[in-house]
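Bear in mind that the values in this text are calculations on the coordinates, not laboratory data. Computed from a prediction, not measured in an experiment: that's the story for all the values here. Neighbour counts are summed over all protein chains in view; Cβ atoms, including those assigned to glycine, are modelled from backbone coordinates with ideal geometry.
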Amino acid sequence: MKWSNSANRPNIRSADSRAKRQTDNEQASPPQSGLAFCCGMFGEGRRRLQPSITHRVTNSTAQIMKKKILLQLDGDKHASVFDAVVAADTGVERLLQYGNVTVDDVEPLVHGCIFTRGLADLASTAIFVGGSDVQHGELLTERVVRTFFGPMRVSVMMDANGANTTAAAAVLSAEKHVSWSDTTLVVLAGTGPVGQRVARLTAAAGARVLIGSRNQDRADQACQQIRSRVEGAQVESIVTSGVDLKQTIAEADALIACGAAGICLAEAADWQDSAKLRVAVDLNAVPPLGIDGIDVMHKAEMKGNVACYGAIGVGGLKMKIHKRALEQLFESNNAVLDAEQILEIGKLLTS
Ligand SMILES: NC(=O)c1ccc[n+]([C@@H]2O[C@H](COP(=O)([O-])OP(=O)(O)OC[C@H]3O[C@@H](n4cnc5c(N)ncnc54)[C@H](OP(=O)(O)O)[C@@H]3O)[C@@H](O)[C@H]2O)c1
């Protein structure tokens, strides 16, 4: 099987104009409702006109298993190879990769997914939104979902920069050692895409979450965003640079470091003597690591009373969640997998 790469990847503009041409053809065809068109040549309208021929066509198509097609929408110049490999390993049979995707590109690309197969086969097409810019990925996802109408939809998963799957894996690893409803969690660098999701998921589970940043305004903004999504969220902003971090961490039962790659956020002395801390997770895999004293491979490694996880220690679960979420896309045509839904998938895997 040949996978699309940068050399043979469909050009967005020509794909858009094809999609546009297809839309024009729809409009030029004899009066049919949108839904009748969507059911295409296998729909009710055609059946009434040519019952015997359509009956044969319907029978033969029923025997053909529709290929699993994944549309990969990515804001980066080159759609993520990582995401493509995971898709291949998960049984996706045809991957349509688009890079440099803007919000304006989305509608015709989604039309290509929803107007081609009969309703019963829509579950064999799905959309994955990736890219390194998580905010852009959110906008693309929002536009994807806004393009759907009635039953004309396919399942979609948003995991730009791995933010949702990574956050879910971190939260599930930590919750083996604490119960969120009576836990104070410190999220170091809680302003980035992964940190914000860790904070949102744990706040929704009832934790008191202290969101750290080098900058008070960014921490406040992250808190505000979570409060607007999670009713009753107990989130507080903390500035973590130029302060005695040991004192802050002493309040915490759990610590999750979500800092940029290659940045150390906490020294060993900041956390190793804590009487309260039960679990510490570092998601930075690039030396210097995010929490001094935690190795990238640690997976529930005990240091005193603290269960320690490093980025690769969490990475195995992250990959399982990513793969299971992709499989789930092809089980229905109406799943929208964002952080919360991806966390639920992880819970089923770890229960
Ligand atoms: N294992 C995996 O599969 C996987 C997948 C995705 C991500 N990751 C890792 O997870 C971590 C978080 O990812 P992300 O995309 O959310 O990270 P990010 O956006 O690159 O950075 C997160 C936060 O780090 C802080 N930061 C940036 N530069 C800093 C510096 N020089 N000194 C101190 N703090 C700094 C910033 O917070 P403030 O400016 O507010 O202080 C920023 O919001 C990264 O280490 C990433 O590599 C792992």
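Numerical summary
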{"quantity": "Count - residues of segment 199-256 that are of a type in the set (Lys, Arg), out of contact with any Asp or Glu (no Cβ under 9 Å at 6 or more places or on another chain), more than 11 Å from the ligand (Cβ to nearest atom) and not in a helix (DSSP H, G or I)", "calculated": "0"}
{"quantity": "Options Arg227, Arg324; residue that is closer than 30 Å to Val156 by Cβ and free of Cβ contacts under 8 Å to residues at least 12 places away in the same chain", "calculated": "Arg227"}
{"quantity": "Residues being touching a strand residue (DSSP E or B) at 6+ places or on another chain (Cβ under 7 Å) and either within 16 Å of the ligand (Cβ to nearest atom) or closer than 19 Å to Leu317 by Cα (or both) - total across segment 177-198", "calculated": "11"}
{"quantity": "Restricting segment 279-324 to residues that are surrounded by 18 or more Cβ atoms within 10 Å (Cβ to Cβ) and away from the ligand (no atom under 14 Å from the Cβ), the residue that is farthest from Leu172 (Cα to Cα)", "calculated": "Gly293"}
{"quantity": "Within segment 264-278, tally of residues that are within 9 Å of the ligand (Cβ to nearest atom) and closer than 27 Å to Ile342 by Cβ", "calculated": "1"}
